[in-house]
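The values are calculated or read from the model by the stated rules, or taken from the named source; none is laboratory data. All figures in this text were calculated on a predicted structure; none of them were measured in a lab. Every residue, glycine as well, gets a Cβ built from its backbone with ideal geometry; the counts of neighbours run over all protein chains shown.
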């Protein structure tokens, strides 16, 4: 697959995940509470998490215009999704009242992280330091000297 095709795939993934984060979390919590909302009865949690994910969604939509310039945001999205899913999975396994999350938001977050940080995107938006050579090349990470 060419770099142009990979970049196109990454842009589509960023737009899709951005839209899901922006518009999908709240409705899913209302339509399928056992898989998307935590706790029983009224909770302020859903609106708070919606605010966080909607904000991230907006930034992912903006990052889709130039993914290479937004690698930190992309990798934050990937790893925070994986960590969040792992914590939720542990909590769902520990609390029988929350097991529905193992079929709802837990796999959804892993899927979102995988779509944004898939193997093809990793080559395009890999770790970089502004003003320095790529860490993948074995560089020390020191900034170039001014002339």
Could you check the stretch 85-94 and list, in sequence order, the residues that are surrounded by 13 or more Cβ atoms within 10 Å (Cβ to Cβ) and under 13 Å from residue 38 (Cβ atoms)?
88, 89, 91, 92
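Per-residue answers, yes or no, for (1) modelled with pLDDT under 90; (2) loosely packed, with under 14 Cβ neighbours inside 10 Å:
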position	(1), (2)
78	no, no
82	no, no
96	yes, yes
104	yes, no
116	yes, no
134	yes, yes
Does residue 63 meet the test of being buried (at least 18 other Cβ atoms within 10 Å of the Cβ), at pLDDT 90 or above, touching a helix residue (DSSP H, G or I) at 6+ places or on another chain (Cβ under 7 Å) and farther than 15 Å from residue 116 by Cα?
no
Go through (1) more than 21 Å from residue 33 (Cα to Cα); (2) within 13 Å of the chain's Cα centre (by Cα) for residue 81 and report which single condition fails.
(1)
The stretch 81-93 residues that are without any contact (Cβ under 8 Å) to a residue 12 or more places away in the chain and on the phi < 0 side of the Ramachandran plot, paired with ones that are assigned to a helix (DSSP H, G or I) and surrounded by fewer than 18 Cβ atoms within 10 Å (Cβ to Cβ) (beta carbon under 9 Å, 6 or more apart):
86/110; 93/99; 93/102
Does residue 51 qualify as being at pLDDT 80 or above, surrounded by 15 or more Cβ atoms within 10 Å (Cβ to Cβ) and assigned to a helix (DSSP H, G or I)?
no
All but one of (1) over 19 Å from the mean Cα position of the chain (by Cα); (2) closer than 25 Å to residue 92 by Cα; (3) assigned to a helix (DSSP H, G or I) hold for residue 39; state the number of the condition that does not hold.
(3)
